[in-house]
Amino acid sequence: DTGVSQDPRHKITKRGQNVTFRCDPISEHNRLYWYRQTLGQGPEFLTYFQNEAQLEKSRLLSDRFSAERPKGSFSTLEIQRTEQGDSAMYLCASSLTSVNEQYFGPGTRLTVT
Amino acid sequence: QQPVQSPQAVILREGEDAVINCSSSKALYSVHWYRQKHGEAPVFLMILLKGGEQKGHDKISASFNEKKQQSSLYLTASQLSYSGTYFCGTHHAGGTSYGKLTFGQGTILTVHP
């Protein structure tokens, strides 16, 4: 069990550019979640997958955001035409089932200049 | 609906005890507790399922009052390593968002020597 990993750990981009983040969950975990966290706040739910199926997207997730989990293993989160308000820590978590504890990865800190 | 945590901040000396509360206005299926240190990802502490159970390991324990939709985290004989921000994440009963967690705003715990 190597834990949840995320790449990159830090990303600085200019407004208007596209960025993509990757998350590798714990290997036997079927559930994968994306959260966003800003300074002084708790994580906010963005979307989640059961295997390769995306089951829910938050209203926070505008059309500029898209997530995939093509083979039910790793997942990618893409943000198109980044805005300064997108600056945040993007956290990925995984769990064995919907009722089990979620384990978080180290996060990707995005800074949009 | 975001759960409400209290207090917002606690300052302790080593060896003192603390209680952090988490309340929800919606029926809960489970409550998850996490600790996050500055610049790091949230670390899972424990999960409590409906049924009013109480859990604990080492000197950290928690209870879940299903009728009141409340959970409390108890830290006894605090250590310097307990410092951080504590979040409760709630999993609401019913609906179709199985597994999705809604986090409170956090409680900042500072332990001094």
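The values are calculated or read from the model by the stated rules, or taken from the named source; none is laboratory data. Bear in mind that the values here come from a model prediction, so they are computed numbers and not experimental data. Cβ: placed from backbone, ideal geometry, glycine included. Neighbour counts: every protein chain shown.
In the set A:LEU96, A:LEU46, A:LEU32, which member is touching a His at 6+ places or on another chain (Cβ under 6 Å) and in contact (Cβ under 8 Å) with a residue 12 or more places away in the chain?
A:LEU96
Please find, among A:ARG64, A:ARG59, A:ARG69, the residue that is over 23 Å from B:GLN1 (Cα atoms) and over 13 Å from the mean Cα position of the chain (by Cα). Walk me through it before giving the result.
Numbers: A:ARG59 fails: over 23 Å from B:GLN1 (Cα atoms); A:ARG69 fails: over 13 Å from the mean Cα position of the chain (by Cα).
Selected residue: A:ARG64, the only one of A:ARG64, A:ARG59, A:ARG69 that is over 23 Å from B:GLN1 (Cα atoms) and over 13 Å from the mean Cα position of the chain (by Cα).
With respect to A:ARG69, determine if the residue is under 24 Å from B:HIS91 (Cα atoms) and away from every other protein chain (no Cβ under 11 Å). Spell out the reasoning first.
Numbers: under 24 Å from B:HIS91 (Cα atoms): yes; away from every other protein chain (no Cβ under 11 Å): yes.
Considered against the rule, which asks whether it is under 24 Å from B:HIS91 (Cα atoms) and away from every other protein chain (no Cβ under 11 Å), A:ARG69 comes out as yes.
Check B:SER83, B:SER78 and return the single one that is under 19 Å from B:GLN105 (Cβ atoms) and more than 13 Å from the chain's Cα centre (by Cα).
Numbers: B:SER78 fails: under 19 Å from B:GLN105 (Cβ atoms).
Criteria check complete, one pass: B:SER83.
Out of the residues in the range B:33-48 meeting the condition of being surrounded by fewer than 21 Cβ atoms within 10 Å (Cβ to Cβ), more than 12 Å from the chain's Cα centre (by Cα) and facing chain A (nearest Cβ under 9 Å), tell me which one is modelled with the lowest pLDDT.
So, considering only residues that are surrounded by fewer than 21 Cβ atoms within 10 Å (Cβ to Cβ), more than 12 Å from the chain's Cα centre (by Cα) and facing chain A (nearest Cβ under 9 Å), the one modelled with the lowest pLDDT is B:GLY39.
Just the residues that are more than 10 Å from the chain's Cα centre (by Cα) and of a type outside the set (Lys, Arg), please, taken from the range B:7-22. Break it down stepwise before answering.
Our first condition is that a residue be more than 10 Å from the chain's Cα centre (by Cα); within the range B:7-22, this holds for B:7-18.
If the condition is that a residue be more than 10 Å from the chain's Cα centre (by Cα) and of a type outside the set (Lys, Arg), then B:PRO7, B:GLN8, B:ALA9, B:VAL10, B:ILE11, B:LEU12, B:GLU14, B:GLY15, B:GLU16, B:ASP17, B:ALA18 are the ones that fit.
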